[in-house]
Amino acid sequence: MSSRRPTAIARRLTLRPALACCAAVLLTLGSTPATARAELFGDYVGYTACAPCHQKQAQGWKATRHGDAFADLATQGEEKQSIPGCFRCHVVGYGKDGGYMDQELTPELADVQCEACHGPGRAHVEAGGDPSLIVAAPGEDVCRLCHTTGQDANFDYANKKHGLHGPEK
Ligand code: HEC
Ligand code: HEC
Ligand code: HEC
Ligand code: HEC
């Protein structure tokens, strides 16, 4: 962790003027305390940072079951939202630097958002959408972090990877 902070700062300092618009978006998002904490701690930014440039995917995703996976926990009792053994597969990056901690500190990382599959997005966002800085097509190994054989025995990647960003894709 100590080794990545200087890198993040260096990246920020080398932002080109043409990308100032993106920095401004980040600064706006950074105005809530929870997001400011994510800024300091790591490279997960939450789906609202992706939405301005990927509106179609963001809207489509929100309507899928991944889009309200955290709220769904409460259907089996509200306390399930505070039990790591439950919420770890219903949020972004639990147990990782900058990932979900709890509803007080990181509410913006609840649900199975973009970065649960595409990896931490800060570098991609700060570089104005450089496609080389994001996982383009998450493979079955990524899904299997949560769709384990214990949890979802009949998980079928080839079928299930369709519709992750809504009906048309
Ligand atoms: C290993 C990852 C993992 C853990 C841990 C986990 N879930 Fe899930 N959960 C999933 C996956 C994957 C699905 C979707 C596939 C399925 O339905 O099994 C799901 C689906 C659900 C659903 C919606 C589908 C349904 O069954 O109605 C609820 C509600 C739910 N989980 C609650 C919980 C609760 C409560 C706990 C803790 C006791 C928990 N989950 C722990 C991965 C997990
Ligand atoms: C559950 C995993 C998962 C989630 C959540 C997810 N994606 Fe994806 N995404 C994928 C997979 C898998 C592909 C590759 C699709 C393919 O190969 O057909 C993909 C492809 C993409 C692409 C490439 C172009 C396209 O549409 O195929 C973009 C852009 C993208 N995702 C953005 C997003 C954004 C933005 C979010 C959040 C709002 C998001 N994704 C949420 C798994 C996910
Ligand atoms: C400033 C605008 C911007 C933001 C913010 C942004 N992206 Fe992108 N993204 C792009 C552009 C531009 C591309 C390249 C599109 C292309 O080549 O067709 C791209 C490509 C992608 C791809 C496909 C990569 C590939 O190689 O095809 C994925 C996946 C993706 N973005 C996910 C995300 C996620 C997840 C977030 C939020 C964490 C995000 N993007 C935030 C602009 C953005
Ligand atoms: C961070 C954990 C996590 C990851 C990673 C993840 N999922 Fe899920 N997925 C879930 C949970 C939790 C649910 C259930 C949400 C609910 O209904 O509350 C779910 C539900 C689904 C569903 C709808 C229920 C069903 O079984 O039809 C599909 C489809 C799905 N996931 C596909 C994928 C694919 C494909 C990938 C990999 C590209 C993936 N998921 C990655 C946690 C995850």
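Hey, does the range 143-163 have a residue that's within 11 Å of ligand 3 (Cβ to nearest atom) and not in a helix (DSSP H, G or I)?
Of the residues in the range 143-163, the ones within 11 Å of ligand 3 (Cβ to nearest atom) are none.
No, the conditions are met nowhere in the range 143-163.
When you check GLU108 against the structure, is it touching a Cys at 6+ places or on another chain (Cβ under 8 Å) and buried (at least 16 other Cβ atoms within 10 Å of the Cβ), yes or no?
no
Among the residues of the range 89-109, which ones are within 17 Å of CYS146 (Cα to Cα) and either within 16 Å of ligand 3 (Cβ to nearest atom) or touching a residue at least 40 places away in the same chain (Cβ under 8 Å) (or both)?
Selection gives CYS89, VAL91, VAL92, GLY93, LYS96, GLY99, TYR100, LEU109.
Would you confirm, using the coordinates I've provided, whether ALA127 is more than 14 Å from ligand 1 (Cβ to nearest atom), of a type in the set (A, V, I, L, M), modelled with pLDDT of 95 or more and more than 17 Å from TYR44 (Cα to Cα)? Quick ask: steps written out before the conclusion?
Numbers: more than 14 Å from ligand 1 (Cβ to nearest atom): yes; of a type in the set (A, V, I, L, M): yes; modelled with pLDDT of 95 or more: yes; more than 17 Å from TYR44 (Cα to Cα): no.
No; evaluated as a whole, the condition is false for this residue.
Name the single residue that is modelled with the lowest pLDDT among those in the range 31-47 being of a type in the set (Ser, Thr, Tyr) and touching an Asp or Glu at 6+ places or on another chain (Cβ under 7 Å). Before the answer, list the steps.
Pass one, the range 31-47, residues of a type in the set (Ser, Thr, Tyr): 31-32, 35, 44, 47.
Those still in the list that are touching an Asp or Glu at 6+ places or on another chain (Cβ under 7 Å) too: 35, 44.
Numbers: THR35: 55, TYR44: 95.
Taking the candidates together, the pick is THR35.
If you scan the range 52-88, which residues turn out to be in contact (Cβ under 8 Å) with a residue 40 or more places away in the chain, surrounded by fewer than 15 Cβ atoms within 10 Å (Cβ to Cβ) and not in a helix (DSSP H, G or I)?
Result: CYS53, ALA63.
The values are calculated or read from the model by the stated rules, or taken from the named source; none is laboratory data. Because the structure is predicted, anything quoted here is derived from the model rather than measured. Note that we place each Cβ from the backbone using ideal geometry, even for glycine, and neighbour counts take in every protein chain shown.
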